[in-house]
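Novice: Take this structure first; my questions come after.
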Amino acid sequence: MGIELKLQMRQAQRLVMTPMLQQAIKLLPMTRLELVQAIRHELEQNPLLEEEETVEIAAEAGAEAGEEMTSDEAEVQPKEEVFEEQAALEEGKPQEKKDDVDWDSYMQNDLYEGRTGDGNTEFPSIENTLRQKESLEFHLMWQLSASALDDAEERLGELIIGNINMEGYLVETMENLAAEAGVDVETMEDALLLVQSFDPPGVGARNLKECLMLQMSNAKLKGSVVEKLIQDHLEELDEKNYKKIAKAMDITLDEIIDAMRVIKEFDPKPGLEYNPEEAVYITPDLYVVKMDNEYQVYLNDEDVPRLRINSYYQSILKNKAKDATQTREYVEGKFRSALWMIKSIEQRRQTMIKVGRSICKFQKEFMDNGLAHLKPLVLKDVAEDIGMHESTISRVTTNKYIHTPQGLYELKYFFHSSVGSMQGSDMSSVRVKDMIRMICKEEDAGKPYTDDQIVRMLEGKNVKIARRTVTKYRKELKIPSTSKRKRLFL
């Protein structure tokens, strides 16, 4: 059988991802900050793109700078200066020329108090007055520099501090640290004891028991019931079987409760006090405003540059000269890229507004009355409402936030499963979780509800739910089990 090559033509349909579609999909899941960074990067790479506001402001500034003073203004200003000079002469004060005023000294004298010996005011720059929150490592290093007896001990202390995590625990074994430092384990243990004597109490511990023991020792409670509880019954304390512990230790239940009050004051993660991380504030991407009994959705595109095509390079595209062919081809490529970028950004804006309006339509009762009226919603519902694919809705709602009359929420918050009710209508799972949270919050601390009891209480509120679902939701809410929620003392 011979092998031969043949050329055939075949007509077929297939989906092709155009560059514009790829760019539009890439921009959809971006946050505002990521979008601004992407636009700034494109402005640097593509000379055909320019920022509208920058151009307009520069043009206005140039126009204002070119304006000449009117005749009325020219007459008024000298008169004001004459009046100031006359008033100063009447008071017997010498008139100082405005151009001779040392404004830097004036502002410093006005804002600050205190002078140096020669009468001059000297203050550090505002940058040098800013203060960052002290980190745990810096706090420990400062104490080490003041406590180490010699360079060798300081070197071992630095090695230990470098292996203490953010919570204040030592995450490396003594054997590995000793091998790295080239010393025996006993020498490394001595250095660890020095670090464990530093503030905050409990730092440098290798486990929870050692952390609590260090804090107990710092509180001078050696030989007390507190020490015995931590040393011998720490695991049993987690189960809160205080009667069993009291019997094993041959002491009264009141003594156990008093010791537990002391242990509750200890910090299981002492290093977090010096965590330098600051709170991150969220800026909403969409705002919902109620106007005339209807909810309007506005896109927050503040600080997002508005782009347009540079007019100079547009004129190059119109040049048909043969000697400018290569230049025109380069400009045409950049022109298409710039056009795709502008259209993709606009498409992202319109899609976000459509999704926000659709969510407001489905969740109007939530906007009016709060969490108790939140309805179950899935991506398919919004996709069918605005005529887009579910994957597009998923990308748009990723890492996006909306400010509503009920507070600030992530867009993904409104999409969740439904739970059946006794009356036949579906109920939002988020609403059911809130009910469970409120039941556990209002329960008697001495007799917390079991999951079966919570099921029966939810049935009284027309919620049909299984016990295993209650357990699942309770764990998602990080609510402990019944035994761990029980409080024998306040």
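Novice: Could you calculate the contour length gain from K269 to I3, that is, 0.36 nm times the residue separation minus the distance between their Cα atoms, to one decimal place in nm?
Specialist: Working: separation 266, 0.36 × 266 = 95.76 nm, distance 7.52 nm.
Separation in residues times 0.36 nm, less the Cα-Cα distance, equals 88.2 nm.
Novice: Let's see if you can work this out: charge +1 on each Lys and Arg Cβ, -1 on each Asp and Glu Cβ, no other charges. What is the dipole magnitude of region 341-414 about its Cα centre, in debye to the nearest 20? Write out the running numbers ahead of the final one.
Specialist: Values: 12 positive and 8 negative charges, 55 e Å.
The dipole magnitude comes to about 260 debye.
Novice: What FRET efficiency comes out for R336 versus N163 if R0 is 41 angstrom and r is the Cβ-Cβ distance? Round to the nearest 0.05.
Specialist: 0.15
Novice: Here's a follow-up. Quick check for me: using +1 on Lys/Arg Cβ and -1 on Asp/Glu Cβ, what's the dipole size of region 418-485 about its Cα centre, in debye to the nearest 20?
Specialist: On the way: 16 positive and 9 negative charges, 55 e Å.
My answer is approximately 260 debye.
Novice: Subtract the Cα-Cα distance of N399 and L149 from 0.36 nm times their separation in residues, and report this length gain in nm to one decimal. Numbers along the way, then the final one.
Specialist: Working: separation 250, 0.36 × 250 = 90.00 nm, distance 5.19 nm.
Computed gain between N399 and L149 is 84.8 nm.
Novice: Once phi is turned into θ = phi - 60°, what whole-Hz ³J(HN,Hα) does the Karplus curve with 6.51, -1.76 and 1.60 give for every residue of region 365-370, x standing for Gly and Pro?
Specialist: Along region 365-370, the couplings run 5, 5, 4, 7, 10, x Hz.
Novice: For region 212-298, what is the charge dipole size about the Cα centre, in debye to the nearest 20, if Lys and Arg each add +1 at the Cβ and Asp and Glu each add -1 at the Cβ? Mind dumping the intermediate values first?
Specialist: Values: 11 positive and 18 negative charges, 97 e Å.
Dipole size: approximately 460 debye.
Novice: Roughly what would the spin-label model give for N293 and E443, points 7 Å off Cα along C-beta, in nm?
Specialist: 4.4 nm
Novice: Then there is this: Could the peptides 472-484, 341-353 be put in order, highest first, of the mean number of other beta-carbon atoms found within 10 Å of their residues? Let's see the in-between values first.
Specialist: Numbers: 472-484: 14.2, 341-353: 17.4.
The peptides rank, most packed first, as 341-353, 472-484.
Novice: Among the trypsin sites (Lys or Arg not before Pro) in region 146-231, which ones are in a DSSP loop with at most 16 other Cβ atoms within 10 Å of the Cβ? Mind listing them?
Specialist: Loop-located and lightly packed - R206, K220, K222.
Novice: While we're here: Determine the gain in length on full extension of the stretch I316-E186; use 0.36 nm per residue of separation and subtract their C-alpha separation, reporting nm with one decimal.
Specialist: Working: separation 130, 0.36 × 130 = 46.80 nm, distance 7.82 nm.
Result for the pair: 39.0 nm of gain on full extension.
Novice: In addition: In nm, to one decimal, how far is the Q453 label point from the E476 one, both placed 7 Å along Cα→Cβ?
Specialist: About 2.4 nm, to one decimal.
Novice: Still on this structure, please answer the following. For a quick check: sort D238, D285, D301, D292 by the number of other beta carbons within 10 angstrom, fewest at the front. Walk me through the intermediate numbers first.
Specialist: Values: D238 11, D285 22, D301 16, D292 5.
The order, fewest Cβ neighbours first, is D292, D238, D301, D285.
Novice: Among I359, L307, T327, flag the residue with its Cα farthest along the positive direction of the charge dipole of region 302-365, charges on Cβ as +1 for Lys/Arg and -1 for Asp/Glu.
Specialist: Comparing the listed Cα positions along the dipole, I359 ranks first.
Novice: Sort W340, W142 so the one with the fewest other Cβ atoms within 10 Å of its own Cβ comes first. Don't jump to the answer; show the numbers that get you there.
Specialist: Working: W340 18, W142 12.
Sorted ascending by nearby Cβ count, the order is W142, W340.
Novice: At R0 = 41 Å, how high is the FRET efficiency between D238 and K461 if r is their beta carbon distance? Nearest 0.05 is fine.
Specialist: Values: r = 32 Å, r/R0 = 0.79.
The pair D238/K461 has a calculated efficiency of 0.80.
Novice: For region 192-287, what is the relative contact order in percent, using Cα pairs closer than 8 Å and at least 6 residues apart in sequence?
Specialist: Working: 63 pairs, mean separation 25.0, N = 96.
The normalised contact order for region 192-287 reaches 26 percent.
Novice: Can you list which of the chymotrypsin sites (Phe, Trp or Tyr not before Pro) found in region 257-301 are DSSP loop residues with at most 14 other C-beta atoms within 10 Å? Write out the running numbers ahead of the final one.
Specialist: Numbers: sites: F266, Y274, Y281, Y287, Y295, Y298; in loops: F266, Y281.
Here the sparse-neighbourhood loop sites are Y281.
Novice: Also, quick follow-up: Go through region 163-243 and name the GluC sites (Glu not before Pro) that are in a DSSP coil and have 15 or fewer other Cβ atoms within 10 Å of their Cβ. Mind showing how you got there, number by number?
Specialist: On the way: sites: E167, E172, E175, E180, E186, E189, E210, E227, E235, E236, E239; in loops: E167, E172.
Those satisfying the criteria are E172.
Novice: Compute the normalised compactness of region 136-274: alpha-carbon radius of gyration over 2.2 N^0.38 Å, N being the residue count.
Specialist: On the way: Rg = 17.0 Å, N = 139, 2.2 N^0.38 = 14.3 Å.
Rounded to two decimals, the normalised Rg is 1.18.
Novice: Here is a follow-up. Would you order D250, D190 from fewest to most other beta-carbon atoms within 10 Å of each residue's own beta-carbon? Present the calculation step by step, with values, prior to reporting the outcome.
Specialist: Values: D250 6, D190 12.
If I rank by nearby Cβ atoms, fewest first, I get D250, D190.
Novice: Now for a different question. Which listed residue (M141, L272, A191) has the Cα farthest towards the positive end of the charge dipole for region 136-274, taking +1 on Lys and Arg C-beta and -1 on Asp and Glu C-beta about the Cα centre?
Specialist: Farthest along the dipole direction, towards plus: L272.
Novice: Determine the shape class of region 286-412: with a ≥ b ≥ c the square roots of the Cα gyration tensor eigenvalues, call it rounded for a/c under 1.5, and otherwise prolate if a/b is greater than b/c, oblate otherwise.
Specialist: On the way: a/c = 4.06, a/b = 2.80, b/c = 1.45.
Cα axes put region 286-412 in the prolate bin.
Novice: Right, next: I'd like to know which of C440, I465, L477 lies farthest towards the positive end of the charge dipole of region 418-485, counting +1 on Cβ of Lys and Arg and -1 on Cβ of Asp and Glu.
Specialist: L477
Novice: Moving to a separate point now. As an exercise, use a Förster radius of 51 Å and the Cβ-Cβ distance of Q350 and E227 to find the FRET efficiency, rounded to the nearest 0.05. Write down the numbers at each step before the final one.
Specialist: Numbers: r = 67 Å, r/R0 = 1.31.
For Q350 and E227, the calculated efficiency is 0.15.
Novice: Follow-up. Label-point separation (nm) for T327 and K247, each offset 7 Å from Cα along Cα-to-Cβ?
Specialist: In this crude label model, T327 to K247 measures out at 9.7 nm.
Novice: Going through the cross-link list K290/K461; K240/K441; K354/K478; K26/K361; K412/K472, which pairs have a Cα-Cα distance over 23 Å in this structure?
Specialist: Check vs 23 Å cut-off fails for K290/K461; K354/K478; K26/K361.
Novice: At a threshold of 8 angstrom on Cα-Cα distance, excluding pairs fewer than six apart, so keeping six or more, what relative contact order does region 418-485 reach in percent? Walk me through the intermediate numbers first.
Specialist: Values: 63 pairs, mean separation 25.5, N = 68.
It comes to 37 percent, rounded to a whole number.
Any read-out appearing in this document is the output of simple, stated calculations on the displayed coordinates, not a laboratory observation. It should be emphasised that the depicted structure is a prediction, and the values quoted were computed from it without experimental measurement. Positions of Cβ are generated from backbone atoms using ideal geometry, with glycine treated the same way; all protein chains shown enter the neighbour counts.
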